[in-house]
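Nothing in this text is a laboratory measurement; each read-out follows from the coordinates by a stated rule. On a predicted model such as this, the values are computed, not experimentally measured, just so you know. All Cβ positions, even for glycine, are placed from backbone atoms using ideal geometry, and neighbour counts span all protein chains on display.
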């Protein structure tokens, strides 16, 4: 089953406040992932997890995360990532491997308390695509130039990207828990 996530903003390669930058990206994607769990057949992920202890919530130092792709449902992800950037030809501002590291870290839930940013709202559930990035089995990355200037009329427009992530959910093992998702 495939769906798309869209992110507009920076993908910093080595930010001073890395945990805050990753949190900002997660917060941009969380509403899309929450909406995904409300529509068929993806709502079965939430329904299956609601029947388990902790209702599928992963808690880290009081912060709550709900990953969509998770090992207990035997789900893995293939990602097709399109990165559109406003940079001029032959003037790259960042290398692709470090941008991808930032994106992959933002797509997964934090693994420990030291990965949390300060001031995180511990009352809300943050939806993430991945429980951990080891659940990505295939990745295709395409970059191109973003020619549409008015996408985001902010002062940082020269650094902001349009990222379209096509997610293909697959099962590592077919079970009754993931049958509706993989059919």
Going by how many other beta carbons lie within 10 Å of each one, how would you line up 105, 131, 97, fewest first?
97, 105, 131
Residues 21, 114 arranged by fewest to most Cβ contacts within 10 Å
114, 21
Taking a ≥ b ≥ c as the square roots of the eigenvalues of the Cα gyration tensor, with a/c under 1.5 meaning rounded and otherwise prolate when a/b exceeds b/c and oblate if not, the stretch 21-72 is oblate
Which shape class applies to the stretch 2-182: rounded if a/c is under 1.5, otherwise prolate when a/b exceeds b/c and oblate if not, where a ≥ b ≥ c are the square roots of the Cα gyration tensor eigenvalues?
prolate
Distance in Å, no decimals, from the C-alpha centre of the stretch 114-144 to the one of the stretch 6-63 is 6
Divide by every residue of the chain the summed helix terms, -39500 (n - 2.57) for each DSSP H run of at least 4, and state the resulting mean residue ellipticity at 222 nm, rounded to the nearest 500 deg cm²/dmol.
-7000 deg cm²/dmol
Among 118, 10, which comes first, then next, by fewest other beta-carbon atoms within 10 Å?
118, 10
With r defined as the distance between the Cβ atoms of residue 180 and residue 138 and R0 fixed at 22 Å, what FRET efficiency is calculated, to the nearest 0.05?
0.50
Mean separation of Cα contacts under 8 Å (6+ apart) over length of the chain, as relative contact order %
42
Please give the length that would be gained between residue 40 and residue 95 if that part of the chain were fully extended, namely 0.36 nm times their separation in residues minus their C-alpha to C-alpha distance (nm, one decimal).
16.0 nm
Residues of the stretch 99-135 with amide N under 20 Å of the 7 Å Cα→Cβ point at residue 17:
102-103, 105-107, 110-124, 126
